[in-house]
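To start, the structure itself, in structure tokens.
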Amino acid sequence: MAQRSGEVAAHSGEEHEMTFLDHLEVLRWHLIRSAVAVVVFTGIAFSFPEIVFHEIILGPSRVDFLTYRKLCEVGAALNSPGLCITELPFTLQSRELSSQFTMHLTSSFIIGLLLGFPYLFWEIWSFIKPGLYPNERENSRGAVFFVSALFLVGSLFGYFIVSPLSINFLASYQVDPSIVNEFDLSSYVSTLITIVLSCGLMFELPMIVFFLSKAGLVSPELMRIYRKHAIVVIALVAAILSPPDVLSMTLMGIPLLLLYEVSIHISWMVRKNDLARLNKEATS
């Protein structure tokens, strides 16, 4: 513990052992810098509503969206015109006085959070890293890059794959032809944001398993034994985080299952490398 405290002290440029209040002060400045970065990106996003709101947020609500165009190309190549989405039978309405401003601000904040996530995580990691032992720091090299990359890939997957297909399914679903789909703007934006952020967080599973395997809390054998239990948990997570339809649950669940299998291999690689290191140390 003394070694860790000394290392954290070095992180803040002090020679003496840091107190609990010193740690809180260091953490406060990390959080302030992170917040400033997110606010700056949010302000930039707020300044370009025609790009952030019209092109990005409302993109999946129009048939000229990239995913829909690619589906049409695939449908034409496979001679399956049913894959081509030529109509999204719904309209968006703003039923509250402040709804458009609130959704513009919310959307800008989410864009700012997505853009600032690598720096935000780097600030948090900069606070945690000095408190690790040398071998722990060595084992966690590249953590900022991989966590940021997985979050970005997951968010893009949610935006370009899960969101448009879910929106198309929900917009086209009718229990009776006399019912017209007129959705509130806040409902559309919150659904889109929930899907994107949920996918971004779910794609962090390999990194979570990596750190748990390094800590000796998870092993590949354990993950294989509890695979059936994991499938049930994944189904529940997909049901909670996705809109209430089978398609969205499936689109979220399948990548999670694949990530779980990848995580088993990652856990196996971690143990293999640790055993090789221990054998090398034993024979040296």
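Can you go through SER172, SER155, SER140 and tell me which one is surrounded by fewer than 18 Cβ atoms within 10 Å (Cβ to Cβ) and either modelled with pLDDT under 95 or out of contact with any Ser or Thr (no Cβ under 8 Å at 6 or more places or on another chain) (or both)?
After applying the criteria, what remains is SER172.
Assuming VAL175 fulfils every condition listed in (1) more than 29 Å from HIS104 (Cβ to Cβ); (2) free of Cβ contacts under 8 Å to residues at least 60 places away in the same chain; (3) within 19 Å of the chain's Cα centre (by Cα) apart from one, which condition is it?
Tallying (1) more than 29 Å from HIS104 (Cβ to Cβ); (2) free of Cβ contacts under 8 Å to residues at least 60 places away in the same chain; (3) within 19 Å of the chain's Cα centre (by Cα), VAL175 fails exactly one: (3).
Quickly run through the range 218-245 and pick out the residues that are under 20 Å from PHE160 (Cβ atoms) and aliphatic (A, V, I, L, M).
Within the range 218-245, the first condition is being under 20 Å from PHE160 (Cβ atoms), and the residues that meet it are 238, 241-243, 245.
Listed by number, the residues that qualify are ALA238, LEU241.
So which of SER190, SER166, SER186 is in contact with a Ser or Thr (Cβ under 7 Å, 6 or more places away or on another chain), open to solvent by 20 Å² or more (accessible area, probe 1.4 Å), part of a helix (DSSP H, G or I) and not basic (Lys, Arg)?
Just one listed residue meets the conditions, SER186.
I'd like the full set of residues that are more than 20 Å from the chain's Cα centre (by Cα), surrounded by 13 or more Cβ atoms within 10 Å (Cβ to Cβ) and more than 18 Å from SER107 (Cα to Cα), limited to the range 32-64.
Scanning the range 32-64 gives ARG33, VAL63.
Go through (1) of a type in the set (Gly, Ala, Ser); (2) under 21 Å from ILE51 (Cβ atoms); (3) out of contact with any Cys (no Cβ under 7 Å at 6 or more places or on another chain) one by one and return the number of the condition GLY131 breaks.
It is condition (2) that GLY131 fails.
Only residues in the range 127-154 that are on the phi > 0 side of the Ramachandran plot count as the first member; pair them with residues that are surrounded by fewer than 18 Cβ atoms within 10 Å (Cβ to Cβ) and not in a loop (DSSP other than H, G, I, E, B), Cβ under 6 angstrom, at least 6 apart or cross-chain, and list the lot.
Within 6 Å, no pair qualifies.
State the number of residues belonging to the range 59-107 that are over 30 Å from GLY43 (Cβ atoms) and part of a helix (DSSP H, G or I).
Selection size over the range 59-107: 13.
For the range 89-119, give me the residue count where each residue is closer than 29 Å to VAL147 by Cβ and either touching a strand residue (DSSP E or B) at 6+ places or on another chain (Cβ under 7 Å) or open to solvent by 40 Å² or more (accessible area, probe 1.4 Å) (or both).
Qualifying residue count for the region: 8.
Spot the failing condition for THR42; the list is (1) touching a residue at least 24 places away in the same chain (Cβ under 8 Å); (2) over 30 Å from LEU165 (Cα atoms), and only one is missed.
(2)
Applying the selection to the range 122-133, what residues are open to solvent by less than 40 Å² (accessible area, probe 1.4 Å) and in a helix (DSSP H, G or I)?
GLU123, TRP125, SER126, PRO130, GLY131
For the range 194-205, give me each residue that is in a helix (DSSP H, G or I) and either touching a Leu at 6+ places or on another chain (Cβ under 6 Å) or without any contact (Cβ under 8 Å) to a residue 12 or more places away in the chain (or both).
Within the range 194-205, SER198, MET202, LEU205 qualify.
Restricting attention to helices (runs of 4 or more DSSP H) lying wholly within the range 217-284, give those where 1 or more residues are farther than 21 Å from CYS199 by Cα and open to solvent by less than 70 Å² (accessible area, probe 1.4 Å).
220-225, 246-283
When the range 200-216 is examined, which residues are found to be in contact with a helix residue (DSSP H, G or I) (Cβ under 6 Å, 6 or more places away or on another chain) and either open to solvent by less than 30 Å² (accessible area, probe 1.4 Å) or hydrophobic (A, V, I, L, M, F, W, C) (or both)?
Within the range 200-216, the first condition is being in contact with a helix residue (DSSP H, G or I) (Cβ under 6 Å, 6 or more places away or on another chain), and the residues that meet it are 200, 202-207, 209-210, 213-214.
Across the range 200-216, the qualifying residues are GLY200, MET202, PHE203, GLU204, LEU205, PRO206, MET207, VAL209, PHE210, SER213.
The values are calculated or read from the model by the stated rules, or taken from the named source; none is laboratory data. Treat the numbers as computed from the prediction; the structure is a model and nothing was measured. Every residue, glycine as well, gets a Cβ built from its backbone with ideal geometry; the counts of neighbours run over all protein chains shown. Heads up: the accessible areas ignore ligands, DNA and RNA and are worked out on the full protein's heavy atoms, side chains in. Shrake-Rupley method; radii C 1.70, N 1.55, O 1.52, S 1.80 Å.
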